[in-house]
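**Q** Sending over a structure as C-alpha cells; questions will come in a sec.
The values are calculated or read from the model by the stated rules, or taken from the named source; none is laboratory data. All figures in this text were calculated on a predicted structure; none of them were measured in a lab. When we count neighbours, we look across all protein chains shown, and the Cβ atoms used for this are built from the backbone with ideal geometry, even at glycine.
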C-alpha cells in the first residue's frame, strides 16, 4: 500500500505547491475506508454490521497522512458554510443558492 502511495510523490520542481500530498491523502483515506469495511464486514450480515464509527482499523492501515503546506483559497467560514449547506442538500456558487 505504501509503495502505491509513494508513486504519487513528486519533486518540488514538478509540483511546487505540493498538490501531490492532497492527492496522496485522498487515496489513503479511500484505501483505509475500503480495508476497514472489508475487515469489519467479513462474516457479518447486514443486520450484524456495526456503525462505521465503531469499526476497528487494522494496524497495517494506520499510516500517517501527509499534510500539505498549501494555503487554502477558502476562508474557514466558507469551508464550514459549504459543509453545512452540503448536508442540507443545497450549495452556494458565487453567492447564489442552488438546491
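**Q** Across region 26-35, what is the total count of residues that are surrounded by 17 or more Cβ atoms within 10 Å (Cβ to Cβ) and under 9 Å from the mean Cα position of the chain (by Cα)?
**A** Selection size over region 26-35: 1.
Condition check ((1) in the same structural domain as residue 10 (by TED's automatic domain parsing); (2) surrounded by 12 or more Cβ atoms within 10 Å (Cβ to Cβ); (3) at pLDDT 75 or above) across all residues:
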position: 37; (1), (2), (3): yes, yes, yes
position: 57; (1), (2), (3): yes, yes, yes
position: 63; (1), (2), (3): yes, yes, yes
position: 81; (1), (2), (3): no, yes, no
position: 92; (1), (2), (3): no, yes, no
position: 96; (1), (2), (3): no, no, no
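**Q** Another question, if that's okay. For region 39-55, which residues satisfy the criterion of being at pLDDT below 80 and assigned to a helix (DSSP H, G or I)?
**A** 46, 47, 48, 52, 53, 54
**Q** Answer yes or no as to whether residue 23 is under 18 Å from the mean Cα position of the chain (by Cα), surrounded by 10 or more Cβ atoms within 10 Å (Cβ to Cβ) and in a helix (DSSP H, G or I).
**A** When the stated conditions are applied, residue 23 passes them.
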